[in-house]
Ligand SMILES: O=C(O)CCC(=O)C(=O)O
């Protein structure tokens, strides 16, 4: 056997060992550590997703079944089990779903007004000095301004969104297991040169897949401001969420890297690259195992809220609890009470 082949087999075995360790860690301490998570990711890329299918079936046995879906009221209207099931089927087929109803304008405007006065983290350079400043649409200096999670939770209008049962119900229907809120995000994207930073794409403006909430998750994006093709629509590659696609094998083997627009269009066809523009209040459910990006704004800006549900909370959760804010609304507390497993990372305020 060639030395290079032996090395390849040994490093594959090391990744497989790390991935098995992640399950042990999850069972003992409620989450896998960063090294085991890295091993899962490495194996995922090298097996074109096969290892994640296996990890997911193991996890599914360890997770409780989701509670049966009952009819519920949402900011997006009334939902019954058949409607939720149809949404989950559409995500299974395409990798995403755009809700036909929207979060009311008044809620979006209230979030945007609050977000304007909150100091946000300027840029996402992991090596740079963290700098905090309120977003100034007239004078943006970075592509992205992230509002801290603790601050997002304090915004009463955002609490109305977090309290909406549509997210836990749709994620459970899609994931087929009890799901939990992993994190809540809120960020501004601004027009800086109309192009991604190709060397350091921390703003997620080039195509990529996610893996941080492994092994399965569903993200919900809520446009808090109007999003047109000019100011940064979320862009998704239809059908790219399915694991073990032969046409993806070579790209996946490169690891956790960014992929150019022409290459994605070459592999999936231009018709499958979908820019999801929409007025404020538009809600998207997206399986970001598939390739996606925020299209770099050419002009203006976008404020985006994101709720990420995972099944289970596998990494960076048990060690990173965030108590609910002391101003938690009665609606938020009621939803927490109705779906306690979904708010495991968010204990009641002391
Ligand atoms: O900004 C966007 O629309 C993309 C966000 C993204 O890539 C992510 O949340 O993983």
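The values are calculated or read from the model by the stated rules, or taken from the named source; none is laboratory data. This is a predicted model, so every value here is computed, not measured. Cβ sites come from the backbone with ideal geometry, for glycine too, and all protein chains shown count toward neighbours.
Between 217, 188, which is modelled with pLDDT of 95 or more, within 12 Å of the ligand (Cβ to nearest atom), farther than 23 Å from residue 310 by Cβ and in the same structural domain as residue 117 (by TED's automatic domain parsing)?
188
Within 13 Å of the ligand (Cβ to nearest atom) and modelled with pLDDT under 95: does that describe residue 233? Judged against the criteria, residue 233 is not a match.
For region 220-230, filtered to residues that are under 24 Å from residue 313 (Cβ atoms) and more than 10 Å from the ligand (Cβ to nearest atom), the residue that is surrounded by the most Cβ atoms within 10 Å (Cβ to Cβ) is 222. Taking residue 177 as the residue in question, decide whether it is away from the ligand (no atom under 12 Å from the Cβ), closer than 24 Å to residue 70 by Cβ and either touching a helix residue (DSSP H, G or I) at 6+ places or on another chain (Cβ under 9 Å) or not in a loop (DSSP other than H, G, I, E, B) (or both). Answer is yes for this residue. Counting only helices (runs of 4 or more DSSP H) that sit completely within region 37-138, those holding 3 or more residues that are more than 25 Å from residue 157 (Cα to Cα) and within 22 Å of the chain's Cα centre (by Cα) correspond to 50-62, 81-94. If the condition is being over 25 Å from residue 301 (Cα atoms) and in contact with a helix residue (DSSP H, G or I) (Cβ under 7 Å, 6 or more places away or on another chain), then region 214-229 contributes 214, 215, 216. Restricted to region 243-343, the set of helices (runs of 4 or more DSSP H) holding at least 1 residues that are within 16 Å of the ligand (Cβ to nearest atom) and crowded, with 16+ Cβ neighbours inside 10 Å comprises 261-268. Could you tell me whether any residue of region 199-210 is closer than 23 Å to residue 38 by Cα, crowded, with 24+ Cβ neighbours inside 10 Å and within 13 Å of the ligand (Cβ to nearest atom)? Looking through region 199-210, at least one residue is closer than 23 Å to residue 38 by Cα, crowded, with 24+ Cβ neighbours inside 10 Å and within 13 Å of the ligand (Cβ to nearest atom).
Applying the criterion of being out of contact with any strand residue (DSSP E or B) (no Cβ under 7 Å at 6 or more places or on another chain) and touching a residue at least 60 places away in the same chain (Cβ under 8 Å) to the residues of region 112-138, the residue that is farthest from residue 233 (Cα to Cα) is 126.
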